[in-house]
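Presented below is the structure to which this report refers.
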Amino acid sequence: MDKLLIAGGRPLEGEVRVSGAKNAALPIMCTALLTESPLKLTNVPTLIDVRTMAKLLAQMGVEVGAQSAGENEGGLELRARAITNPEAPYELVKTMRASVLVLGPLLARCGRARVSLPGGCAIGARPVDQHVKGLQAMGATISIEHGFMNARAERLRGAKIAMDMVTVTGTEHLMMAAVLAEGTTVLENAAREPEVVDLANCLRIMGAKIEGAGSDVIRIEGVSSLAGAEYRVMPDRIETGTFLVAAAAAGGRIRLTGAAPGSLAVTLAKLREAGARIQTGDSSIEIEMSGRPAAVSAITAPYPGFATDMQAQFMALATIADGTAQITETIFENRFMHALELQRLGADITIHGNTAVVKGIERLQGAKVMATDLRASASLVIAGLVAQGQTLIDRIYHLDRGYEALEKKLGALGARIQRVN
Ligand code: UD1
């Protein structure tokens, strides 16, 4: 199993290009199920989760082209001429929850679907009740048998759906189901994440009628069919934020290109509060940091609030900050696993319910640690970059699910980081 070995203590200097957003690419890939015509995507990141989604779509009968990198910047062509097997097996859904997103599109296109329940997840219970309730409100019959959701619908009907909580994939799922439904669907308490807007933009190019994406009420007027599209996936705001926090922790000056600064307002504000100097262009962000960061507290919230996917990275920053930070997690009930690993590096963290109190210390000490989930792994990499001596991170397959060439990109910025086997 691959591990990452980091020798800490070097500032970061240089330029890297941000990859396409994992959390936008995955739902956008599912839109291929909604049309017989080709969907030609660019800026799709090369990641295990993208490969898993491609595998899932391929076993349903979708023709999946080879993913190209380099000049084509992650080109990927998908074509669902016919869907031969509207099923998502447990093996694929359990490794990637976003797999449940195929249920609605399959129902809309084939009138039936059989999708495994995702089950538990390392960062919390993460049920899919809102997805199921929404599809039922649109006329689907869904029964749960032997761990599978068996769904049927002649044709989905538009409905007014008020979601109990803000759910990102729930909003995306119901939006995809509604585009081919009969009549109008109104999603209330919708997620406002930029990835929801990116999905809506792609669907619109395919001919869908969607208004309000990016606000908490989305209105979708169903159409009878959709065309293919060419679409460029938005930049990954979490990857961007991770590099920015890494630079704020390690010090130095880096420039990120191919980014979407507008999607990172709170992250940038928090980094400025920590003492970083930041300049943004249309698609670039430059950060410069010298000295110890100031302690910055944060409470996670749905977009445009402080992202739960940035919480672990900011906790790593707080471990070496001047002062005490309080970090509160409100979205997932079990998302502090990285705190225990950071403690192995010497961090002073106390957990009180859903709040971590982090007392900054001068220096972390390198040690062997274990990655427990995707963003937790990123926080350990950041901690490793600033720790004295060597840090060895085990179970980095979590990182490979969501960060494209992380060690290469950090290496290009001068970090001493290598993959070992
Ligand atoms: C997405 C992101 C993930 C991010 C999260 C929150 C993708 C592929 N993943 O995950 O990186 O951390 O948003 O920004 O885009 N909930 C229910 N019932 C449901 C759905 C959700 O109770 O039917 C709860 C969840 O357990 C959680 C909260 O709602 O407590 C938010 O979850 P949600 O926004 O759905 O997260 P994901 O879409 O799974």
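What follows is calculated from the coordinates using simple rules that are stated; it is not laboratory data. For clarity, every value in this text was computed on a predicted model and none was experimentally measured. Here the Cβ is made from the backbone with ideal geometry for all residues, glycine too, and neighbour counts use every protein chain on show.
The modelled label-to-label distance between Ala301 and Leu117, using points 7 Å beyond Cα along the C-beta direction, is 3.4 nm.
Rounded, prolate or oblate: which fits the chain, taking a ≥ b ≥ c as square roots of the Cα gyration tensor eigenvalues, rounded meaning a/c under 1.5, else prolate when a/b beats b/c?
Judged from the Cα gyration tensor, the chain comes out prolate (a/c at least 1.5, a/b above b/c).
From a point 7 Å beyond the Cα of Thr330 in the direction of its Cβ, which residues of the range 345-380 have a backbone N at a distance under 18 Å? Output list for this probe position: 352-357.
The packing ranking of peptides 254-260, 207-213, highest mean first, is 254-260, 207-213, where packing means the average number of other beta carbon atoms within 10 angstrom of each residue. Using a ≥ b ≥ c from the Cα gyration tensor of the range 295-418 (square roots of the eigenvalues), is it rounded, prolate or oblate, where a/c under 1.5 gives rounded and otherwise the larger of a/b and b/c decides, a/b for prolate? Oblate is the answer for the range 295-418, as a/c is 1.5 or above yet b/c matches or exceeds a/b.
How much length, in nm to one decimal, is gained on full extension between Ile361 and Ala58, taken as 0.36 nm per residue of separation minus their Cα-Cα distance?
So the extension gain works out to 104.1 nm.
Per-peptide packing, taken as the mean over residues of other Cβ atoms within 10 Å, places 403-413, 7-17, 276-286 in the sequence 403-413, 7-17, 276-286 from highest down. May I ask you to list, by number, the DSSP H helices of the chain whose Cα span along the axis is at least 18 Å and whose average Kyte-Doolittle hydropathy reaches 1.6 or more? Helices meeting the span and hydropathy rule in the chain are 374-386. Debye-formula intensities of the range 162-227, expressed as log10 I(q)/I(0) at q = 0.12, 0.23 Å⁻¹, are -0.23, -0.87 (one equal scatterer per alpha-carbon, no solvent).
When the pairs Lys3/Lys408; Lys22/Lys55; Lys160/Lys209; Lys40/Lys133; Lys22/Lys408 are compared against a 21 Å limit on Cα-Cα distance, Lys40/Lys133 fall above it. Between Thr141 and Ile351, the C-beta separation translates, for a Förster distance of 41 Å, into a calculated FRET efficiency of about 0.40.
Overall, the anisotropy analysis places the range 49-204 in the rounded class: the square-rooted eigenvalues a ≥ b ≥ c of its C-alpha gyration tensor yield a/c less than 1.5.
Between Ala66 and Arg292, the contour length at 0.36 nm per residue exceeds the alpha carbon distance by 76.8 nm. Put the Cα centre of the range 25-57 next to the Cα centre of the range 171-215 and the gap is 17 Å.
Taking 30 Å as R0, compute the FRET efficiency from the Cβ-Cβ separation of Ala82 and Asp129 and round it to 0.05. The formula returns an efficiency of 0.40 here. At full extension, Asp216 and Gln343 could sit 41.9 nm farther apart than now, given 0.36 nm per residue minus the alpha carbon distance. Find out how many positive minus negative residues lie around Leu117, taking Lys and Arg as positive, Asp and Glu as negative, among other residues whose Cβ is under 14 Å from that of Leu117. Combined, the nearby Lys, Arg, Asp and Glu give 0. Peptides 189-199, 377-387 ordered by packing proxy, namely the average of other Cβ atoms within 10 Å per residue, highest first: 377-387, 189-199.
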